[in-house]
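Okay, so here's the structure we're looking at.
What follows is calculated from the coordinates using simple rules that are stated; it is not laboratory data. This is a predicted model, so every value here is computed, not measured.
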Amino acid sequence: MVSADYLPLLIQVALAAAIAVGVVMASQLLGQRFRPNRIKDTPYECGVPSDGSTHTRFAVKFYVTAMLFLLFDIEVVFLIPWTFVYRDFLANHIAILSPMLFFLGVLVLGLFYEFKKGALNWEK
């Protein structure tokens, strides 16, 4: 018998498996059928065959913006542990505010640098 502590986990695993199987089954039942007059590997988007090239090139600006987003997003994630241990540091008389402000200052300086260089300007 499953312990009552593991019952919510078991329910979540069962729901995840049911959703996964349901999505695959719906895709098989409702998805595009093979037609002999169509080429098998043609691109297909929203029920309409594509008109142009399917391998369009993205601008480098797109990748730079994505990398900057990831960089700043990952750095901001480092702020989350500080919020949990802030009271513990204060209780032990350990200064944590100055390192936090320094970290945020470096983030803000980096963001201003990117604005100045025009890395976030799409019209360029």
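Quick notes on this one:
- Amide H partners (placed H, <5 Å) of LEU120, local residues excluded: none
- Global geometry of the range 60-117, whether rounded, prolate or oblate, following the gyration tensor of its Cα atoms and the 1.5 cut on a/c: oblate
- Applied to the range 81-95, the Karplus parametrisation 6.51 cos²θ - 1.76 cosθ + 1.60 on θ = phi - 60° returns per-residue 3J(HN,Hα) values of x, 5, 5, 7, 9, 4, 5, 5, 5, 5, 5, 8, 6, 10, 6 Hz, with x for Gly and Pro.
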